[in-house]
Structure formats: structure tokens, C-alpha cells
1. Tell me which residues, restricted to region 35-66, are within 15 Å of the chain's Cα centre (by Cα) and part of a loop (DSSP other than H, G, I, E, B).
2. Residues of region 1-41 being farther than 20 Å from Ile113 by Cα, modelled with pLDDT under 90 and not charged (D, E, K, R), which ones?
3. Under 9 Å by Cβ, and 6 or more places apart or on different chains, what pairs join a residue from region 42-53 that is assigned by TED's automatic domain parsing to the domain that holds Cys97 and on the phi > 0 side of the Ramachandran plot with one that is outside any loop (DSSP other than H, G, I, E, B) and at pLDDT below 95?
4. Between a residue in region 70-99 that is over 10 Å from Arg59 (Cα atoms) and at pLDDT below 75 and any residue that is among the aliphatic types (A, V, I, L, M) and surrounded by 18 or more Cβ atoms within 10 Å (Cβ to Cβ), which pairs come within a Cβ distance under 6 Å, given they are 6 or more apart or on different chains?
5. Spot the failing condition for Pro135; the list is (1) exposed (fewer than 10 other Cβ atoms within 10 Å of the Cβ); (2) modelled with pLDDT under 70; (3) not assigned by TED's automatic domain parsing to the domain that holds Val54, and only one is missed.
6. Glu23: assigned by TED's automatic domain parsing to the domain that holds Ile94 and either surrounded by 13 or more Cβ atoms within 10 Å (Cβ to Cβ) or touching a helix residue (DSSP H, G or I) at 6+ places or on another chain (Cβ under 7 Å) (or both), yes or no?
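The values are calculated or read from the model by the stated rules, or taken from the named source; none is laboratory data. Every value quoted in this text rests on a predicted model; they were computed, and no experiment measured them. In this analysis, Cβ positions are derived from the backbone assuming ideal geometry, glycine residues included, and neighbour counts consider all displayed protein chains.
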Amino acid sequence: MFFKHIIVKGRECSTHEDCSAIERTSCVRDPNDYKLRCLCGDDSPPANGLCPDVLKGLRHKCNNNNDCEDGMVCQFENNNNRTIGVSKFMSSKIKQCLCDNDNGYVEDILHDICNGANDSYLVNILVYVCSLMTPFAFSAFMAIKKNF
């Protein structure tokens, strides 16, 4: 006996209101086929009409900042926080989890996430490496200067 592997997908939608019948879902782009679908906060389809209580990802409906993943804030989309190249397909009357631009997070259109948290980490590593290398570079410079 063979079993087919069934891929479960959320219902297609065009606005958040289309998903109001399924609790904890939002109308967002499906990461697998990029169609707008009613998906849970972790971008998974509802299982038997239910979604787990998880932090919500980019462009999901929210009530406050605590609903959203790190690097995001719950706010109304407007021309100031809308990413260039991302079409405004949702009503601006619904709060969404959007990238926290005030703290350096920007929308990565390709991966549909907020980037920026790792920038400060990389800067700290670069400063650390430079501080380790400075004494060696200085001694090498002095040795070369002494020989000329």
C-alpha cells in the first residue's frame, strides 16, 4: 500500500478580512508558492482549522508588539514604513507586524523577513578582531621602519 504525500496549503485570500473565519490566521504570502494565503503566525497552514499560539511573522495581523517576532513592531502600514518594491496589498486599517525601522531592522524582500539584528553583532566582531590585530600590525610596521 502506497501513501501519497499531501501538501496542505492555506486558503487563498486577497485581504486579512478573507481570513477572519479562521482564528489566528493572516493573509500573507506563502513561502512555498508566493500566493496570498490564510496562514498561521509562523507561516504554516492551519491544521484542522487551528493555529498554534506563536509569535507572528512579517505582515501578520497583530494587536500589540508582544504579538510580533523580534525586530518587528505592531503598527499600521503607511508610506513611511512601507518597503520599496513591496506592493501595498492590505488595508492600512489593520495593524500588522512590520520591521522596526527605528531600531535598524529593514525588510528583506527576497526572504520575507526583517534583517538588521546581526549588523551590530558583525560590527562588534570586526572591532574585536581589529583590536587583536593592532599590536601585531604596529610591531610589524616598527620592524620594517627599523630596517629602512
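1. Scanning region 35-66 gives Cys40, Gly41, Asp42, Asp43, Ser44, Val54, Leu55, Gly57, Leu58, Arg59, His60, Cys62.
2. Correct list: Met1, Phe2, Phe3, His5, Ile6, Ile7, Val8.
3. Close Cβ pairs (under 9 Å, with a partner that is outside any loop (DSSP other than H, G, I, E, B) and at pLDDT below 95) amount to Asp43/Val28; Asp43/Arg29.
4. Asn81/Leu98
5. Pro135 satisfies all of (1) exposed (fewer than 10 other Cβ atoms within 10 Å of the Cβ); (2) modelled with pLDDT under 70; (3) not assigned by TED's automatic domain parsing to the domain that holds Val54 except (2).
6. Spelling it out, it is not the case that Glu23 is assigned by TED's automatic domain parsing to the domain that holds Ile94 and either surrounded by 13 or more Cβ atoms within 10 Å (Cβ to Cβ) or touching a helix residue (DSSP H, G or I) at 6+ places or on another chain (Cβ under 7 Å) (or both).
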